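Note sheet for the following structure.
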Amino acid sequence: MREKSYVEDIDRSIYDFKDDEKDAYKVKAGLTPEIVQKISDEKKDPAWMQLFRLHSLQIYNQTPIPDWGPSIEGLNMDDIVTYVRPNTKMKAKWSDVPDDIKNTFERLGIPQAERKSLAGVGAQYDSELVYHNVRAEVAAQGVVYTDMESALHGEYADMVRKHFMKLVKPTDHKFAALHGAVWSGGSFVYVPKGVSVEIPLQSYFRLNAPGAGQFEHTLIIVDEDADLHFIEGCSAPKYNVANLHAGCVELFVGKNARLRYSTIENWSKNMYNLNTKRAQVEEGGKIEWVSGSFGSHVSYLYPMSVLKGRGAKMEFTGITFAGKGQNLDTGVKVVHSAPDTSSYINTKSISKDGGISTFRSSVSATKAAKNTKSAVSCQSLMLDDISRSDTIPAMDIRTKDANIGHEAQIGSISDEAVFYLMSRGMTEEDARACIVSGFADDVSKELPLEYAVEMNNLIRLEMKGSIG
Amino acid sequence: MEEQNSMKINQLPSKTWYWLGLNDTKVKWAAGAPCEICAEELSADDEITGFPEAMNTGAGKETDVLFAPEQTKNWSVSAKEGQTKQVTLSIGQGKEKVSSGKIRAAAEEGASLTVFEVFEPAQAAGQLAVRTELYAKKDSRIRLVQVMMRGEGQELLNDVGCICEKNGALDLLQVVVGKGDVYDGIWTELQKDHASLQAEIGYLLQNQQKFDVNLNVRHFGKVTESTIQADGTLMDAAEKIFRGTIDFVRGSADSVGAETEQVLLLGDDVVNKTIPVIFCAEENVQGSHGAAIGELDEETLFYFGARGMDRTQAENTMARAKLEAKIQKIGDADIEQKVKTQLAEVLDRDNR
């Protein structure tokens with residue numbers, strides 16, 4: 001029998017620190033037409049948006065809770081505060097952001113990252129953006145990067161109205177409807193025709209208020225022949241009450257355009273992460289998803305791509321790490337609905353300390369998707385015998401001119417590999433962490449260096465105390 | 001007109017998105033009369049003792065209503081300790097439009113039992129439901145060969161359940177070469193150490209034929225092994241659903257499960273749905289699945305082209321060859337010939 005040793009979990013204080021609640025305004029907990037109306041008034045919505053919110057609430061009330069994924073019994077909407085406005089307006093300089101909030105983002109490394117390697121940053125604190133800035137040279141190219149509220153009222157109002165929740169409709173599922181009713185914050189990006197944004201834009205979402213929900217909306221339109229890398233990060237301190245994240249990301253990738261959307265998700269482990277992400281790709285366009293899921297108590301997360309134009313492409317590279325108390329149901333969906341489209345999906349998942357990781361996917365090819373190609377590869381690693389790892393991949397192919405491949409593997413770390421590394425001087429813990437980092441290498445090499453380092457740090461954090 | 005029961009069959013052990021239409025299959029099935037079961041080698045069925053009182057099956061509990069004793073032909077076979085036994089069952093719909101049968105097969109310790117089940121075409125449209133329950137005791141082996149040759153408008157519900165004790169094995173071979181719709185549920189429990197399942201399914205579907213499969217294997221024992229291989233061809237507007245689940249239950253250490261599927265798509269209106277599931281609650285196991293779905297690759301087409309065959313000829317040759325590879329494994333010359341004749345008849349349409 002293998003000898004087991006135990007190492008204490010290390011302090012997660014990098015992410016798990018709390019600010020005093022100094023919010024300027026928050027609605028009552030729960031979800032009623034009055035609360036939705038208050039949010040709409042607070043945000044000075046145009047009339048169409050106010051109606052949209054109330055209609056979404058009706059859909060929410062009529063839509064059943066999903067019965068096919070992890071349990072969300074611990075989430076009671078009557079206890080969730082859906083709008084918390086921080087005690088500041090959005091600023092374009094970090095020096096103008098109140099010290100406590102600024103310090104939060106300093107500790108998370110956001111201003112430093114902006115200085116070093118980003119073309120623009122949006123920082124959301126609870127329900128509103130507190131900082132937004134884009135480099136002058138990027139703005140000079142015609143790139144629009146602003147908060148959703150400004151976009152909704154400014155010169156891009158028509159564009160927002162044309163695209164807002166058209167890809168992810170409130171009727172999609174219960175939490176898309178919830179998002180439609182109470183959304184707040186998020187970013188709007190427009191990259192004009194032929195413009196290539198050389199360095200990434202980033203939005204960072206921080207939820208500080210206990211028992212609150214964050215419902216940011218990200219709308220990105222990359223026009224013909226344009227190119228963008230967008231990075232999304234998120235974190236929250238841990239509380240004893242449930243928090244909720246039901247954001248929505250809608251990505252429109254134009255003809256021959258390319259969009260890379262990278263996410264490192266590190267919500268606290270009391271978070272219900274019921275997020276929806278979807279991309280629509282036109283002829284010759286390409287969407288690249290890079291996704292790392294480390295946090296949350298429960299996750300439902302399946303970025304979806306609709307390959308609408310001839311020759312559209314999708315690549316998905318993802319990793320999910322489910323530790324103690326976590327049930328992470330993650331995966332990907334792709335619909336091939338035009339000829340010559342292709343998709344490549346490569347995912348890894350790791351379960352330890354009783355964590356549950358489920359990879360769930362679907363690859364669909366319609367009759368119109370002649371000469372479609374798709375390859376799916378998913379690998380799962382079980383680090384102990386109290387955890388769980390499931391794979392539930394589906395394929396629905398309705399054209400004969402298709403080439404669809406799928407492979408999946410579930411297994412554990414080989415004792416031989418651990419022994420090999422230990423014989424070269426590593427401790428067992430370091431050896432196992434090293435093997436897991438190698439397992440996650442496909443994802444980290446797709447990220448900018450700073451984020452790859454963060455991801456490897458997260459893996460190292462999670463691997464502490466993993467021996468046994 | 002018989003009263004029809006609406007039921008959900010072939011339920012996926014864990015649900016996924018409803019819009020995929022894979023969580024279950026809804027059918028309407030009437031409760032009918034006993035079907036015909038003719039045994040070629042034996043004049044009477046065997047008494048079985050110690051058979052499990054309850055057994056899970058692939059089609060699921062809702063189909064129990066179809067197998068009530070008064071409307072079901074019951075038949076059983078048993079191989080005694082250390083015995084090697086073989087039986088061939090010809091199963092027909094009978095004179096009724098709707099009929100049912102239930103077969104129990106047990107292999108005692110160290111025994112080897114082979115059961116051939118040939119589902120014959122009927123004279124008229126109808127529904128035939130057959131449940132086969134298998135019990136492989138310690139160190140025994142059951143080989144179940146099912147040949148499904150139902151005619152047009154003739155539906156078949158084939159429901160299989162199996163329990164394997166220590167070092168017990170089930171070898172399952174299914175060949176679908178008829179014209180009628182087939183609903184196929186298989187549930188195997190590898191309850192004790194070193195138990196195993198080897199399952200092979202071959203099919204050729206045409207016109208608007210449907211083949212709906214739900215294959216589950218649950219690994220309870222240590223060092224258990226499962227291999228699942230499903231290969232087939234869809235022509236015209238044929239539709240196939242394949243649900244294949246390997247479930248490593250906690251405690252099934254050192255077990256291995258592998259599942260592969262290859263589907264050749266040859267029709268403009270085909271629908272192919274596949275969901276190969278692995279559940280894993282045990283650390284020291286190896287589970288894998290792989291699927292290849294689509295048309296013939298360029299290399300194969302080039303190979304045939306170099307031998308003077310055009311694309312259509314190449315496709316039909318490959319479709320035939322895929323199924324013949326399974327037919328050759330049946331292991332009974334008479335049945336193999338019967339299936340080949342049926343295959344020729346199926347493919348003869350439009351000079352395929």
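Before moving on, here are some points about what is shown:
- Value of [θ]222 nm, deg cm²/dmol, for chain A, DSSP H segments ≥ 4, -39500 (n - 2.57) each, nearest 500: -6500 deg cm²/dmol
- Evaluated with a Cβ-only charge set (Lys, Arg +1; Asp, Glu -1), the protein assembly as shown carries a dipole of roughly 1480 debye about its Cα centre, given to the nearest 20.
- Estimated FRET transfer efficiency (A:SER437, A:SER377; beta-carbon r; R0 30 Å; 0.05): 0.95
- Here chain A is treated as a sphere whose radius is the Kirkwood value from Cα pairs; by Stokes-Einstein at 4 °C and 1.567 mPa s it diffuses with a coefficient of 57 µm²/s.
- Using only side-chain charges placed at the Cβ, +1 for Lys and Arg and -1 for Asp and Glu, the dipole size of the stretch A:150-221 relative to its Cα centre rounds to 220 debye.
- Put a dot 7 Å past the Cα of A:ARG115, heading toward its Cβ, do the same for A:LEU54, and the two dots end up 4.9 nm apart.
- R0 of 51 Å, Cβ-Cβ distance B:ARG311-B:GLN4: FRET efficiency to nearest 0.05: 0.75
- Overall shape: prolate for the stretch B:180-231, with the ratio a/c of the largest to smallest alpha carbon gyration tensor axis at 1.5 or above and a/b above b/c.
- Of the three principal axes defined by the Cα atoms of the protein assembly as shown, the extents in descending order read 94, 61, 57 Å.
- Summary of packing: across the peptides A:85-94, A:324-333, the per-residue average of other C-beta atoms within 10 Å ranks them, highest first, as A:324-333, A:85-94.
- Whole-number percent relative contact order across chain B, with pairs defined as alpha carbons under 8 Å at least 6 apart: 11
- For the residues of B:12-25, the average number of beta carbons from a partner chain within 10 Å of their own beta carbon is 4.
- For the stretch B:4-351, the convex hull spanned by the alpha carbon atoms encloses 137 Å³ per residue.
- Here, the stretch A:239-366 is characterised by an Rg to Rh ratio of 1.03, where Rg is the alpha-carbon radius of gyration and Rh the Kirkwood radius.
- Take the Cα of A:THR171, step 7 Å toward its Cβ, do the same at A:GLU137, and the gap between the two points is 4.8 nm.
- Sites B:GLN337 and B:GLU109 - FRET efficiency at Förster radius 35 Å, r taken between beta-carbons, to 0.05: 0.50
- Chain A, relative contact order in percent, only Cα pairs under 8 angstrom and at least six apart counted: 11
- Axial C-alpha extent at least 15 Å, average Kyte-Doolittle at least 1.0 - helices from chain A (DSSP): none
- Every helix of 4 or more DSSP H residues in chain B counts as -39500 (n - 2.57), and over all residues that averages to -3500 deg cm²/dmol at 222 nm.
- Once the chain from B:ASP46 to B:TRP19 is taken as fully extended at 0.36 nm per residue, the excess over their C-alpha distance is 5.1 nm.
- Treating each Cα of the stretch B:97-136 as one equal point scatterer and applying the Debye formula with no solvent, the log10 of I(q)/I(0) at q = 0.26 Å⁻¹ comes out as -0.94.
- Only the Cβ atoms of Lys and Arg (+1) and of Asp and Glu (-1) were treated as charged; on that basis the dipole of the stretch B:1-135 about its Cα centre amounts to roughly 620 debye.
- Cβ-to-Cβ counts within 10 Å put A:HIS336, A:HIS173 in ascending order as A:HIS173, A:HIS336, the fewest first.
- Principal axis analysis of the Cα atoms in the stretch A:25-301 yields extents of 46, 42, 35 Å, listed in decreasing size.
- When chain A is described by a simple charge dipole with +1 on each Lys and Arg Cβ and -1 on each Asp and Glu Cβ, the residue from A:ILE410, A:LEU228, A:GLY309 located farthest towards its positive end is A:GLY309.
- Using C-alpha pairs under 8 Å with a sequence gap of at least 6, the mean separation divided by the residue count of the stretch A:25-301 gives a relative contact order of 17 percent.
- Reported to the nearest whole Å, the Cα centre-to-centre distance from the stretch B:77-142 to the stretch A:399-452 is 46.
- Considering only A:LEU259, B:TYR18, A:ASN456, and ranking their Cα positions along the charge dipole of the protein assembly as shown that arises from unit charges at the beta-carbon of Lys, Arg, Asp and Glu, the one farthest toward the positive end is A:LEU259.
- Considering only B:VAL223, B:ILE327, B:PHE119, and ranking their Cα positions along the charge dipole of chain B that arises from unit charges at the beta-carbon of Lys, Arg, Asp and Glu, the one farthest toward the positive end is B:VAL223.
Since every read-out is calculated from the coordinates, none of them should be taken as a lab result. Treat the numbers as computed from the prediction; the structure is a model and nothing was measured. A quick note on method: Cβ atoms are made from the backbone with ideal geometry, for glycine too, and the neighbour counts reach across all protein chains shown.
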